[in-house]
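Report on the following structure.
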Amino acid sequence: MTNSNRTLTETVKDTSYEDARGNLVRQSETTVVYKADVLKVDQPTANGRTYPRAVMERALAAYQQTIDAGRAFGTVDPPLEPHISLHSVSHVVTRVELRDDVLHAEVKTVQTNAGRQLAVLLKHGALDLQPTGYGSERDGRVGDDYVIRSFDFVTPPKEPGT
């Protein structure tokens, strides 16, 4: 599922102050909030995996603790390692919710090089958000031991036949 239902909100905060020498310093911070439908449970995703509802509900409940602790970081392009390098953090996950059969997520860019790059890419609609995790899989169905590590941005898969 491409993130078909998505919204983008941009907030720009301009700060001006005088430094110790009396020079005017201007600083601008841009934060982008991205909300999207991430996947449908009990249906194959673009990579052929099916996330059963019960498995996703359990994984989301555990991941909510990471969100609540303020440690739900994500990247552009999921890392191959089991951990996230703080140098590559581009956003923080602020909300996840399973409504009906659709997993919804909300993320906010952070003021890092990767976060600023992500903000630009999101304005061009060039990325999709997906959960990144680990666990067993059998016949394309994700197993009960599935754990969400993060929600990361990826380039959308090509549509079939292209």
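A few notes on this one:
- Subset of the range 128-162 (residues that are part of a loop (DSSP other than H, G, I, E, B), more than 21 Å from residue 69 (Cα to Cα) and modelled with pLDDT of 85 or more): 135, 136, 139, 140, 143, 144, 145, 155
- Any strands (runs of 3 or more DSSP E) falling wholly within the range 1-110 and containing at least 3 residues that are at pLDDT 75 or above and touching a strand residue (DSSP E or B) at 6+ places or on another chain (Cβ under 8 Å): 24-40, 91-99, 102-109
- Long-range neighbours under 9 Å by Cβ, at least six apart or interchain, first residue under 13 Å from residue 149 (Cα atoms) within the range 64-92, second of a type in the set (Gly, Ala, Ser) and at pLDDT below 85: 75/85; 79/85
- For residue 118, the criteria (1) under 27 Å from residue 58 (Cβ atoms); (2) not in a strand (DSSP E or B); (3) not charged (D, E, K, R) hold in every case but one, which is (1).
- Residue identified as among the hydroxyl-bearing types (Ser, Thr, Tyr), surrounded by fewer than 17 Cβ atoms within 10 Å (Cβ to Cβ) and under 27 Å from residue 11 (Cβ atoms) among 109, 75, 155: 155
The values are calculated or read from the model by the stated rules, or taken from the named source; none is laboratory data. Since the model is a prediction, treat every value here as computed from it, not as a measurement. Every residue, glycine as well, gets a Cβ built from its backbone with ideal geometry; the counts of neighbours run over all protein chains shown.
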